[in-house]
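A quick write-up on the structure given underneath.
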Amino acid sequence: MSIQQSASRTVVVLCATLAIGAAIVAQSAFAQSGFRVDVSPLRANAGDQTASWVQRDLSAQLAQALAGRNVRNGAALIVRIDYLTLSSGARVDCGSSRDTISGVAIIGGVQTPVQATTSYQPAPSDSTMIEQSNRERVSQLVQALVFWLSRDL
């Protein structure tokens, strides 16, 4: 066996070991935190970037909101986000428009629809800093959703 083949096999084994380790850590974190965030439907509907923002923010904010608390009946919580809609900025309500996030909270196998909305008033810089503006809007939606979720758990 050549050195190159040996090195390639070592890299494959190392990657597999890291993947297994990451899966164990993720399972352990789920068991300790009592919740899991599923953004796979959102990824299909809104794209990878938006789904990644929601995954990151929702996981962090739920962990903070649920710290030291148990979910109803000690059951695990799964929050699945299906859709996120950022409005075009067309003024609908007192000069603002609505952004929406929706999905399902699953507690002990029982599914409950969840949704949150926020108002959006376009700023002049939004047209030149679209990604930053969208990132902030997603963060605000997640914060609103966590507020309502944490009240009902």
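Each reported figure results from applying straightforward, stated rules to the coordinates on display, with no laboratory input. Treat the numbers as computed from the prediction; the structure is a model and nothing was measured. All Cβ positions, glycine included, derive from the backbone under ideal geometry; neighbour counts span all protein chains shown.
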Residues whose built amide H sits under 5 Å from the amide H of A76, excluding neighbours closer than 5 in sequence, are G108
Report the residues of the stretch 46-62 in range of a label on A76: point 7 Å along Cα→C-beta, backbone N strictly under 18 Å from it. 59-60, 62
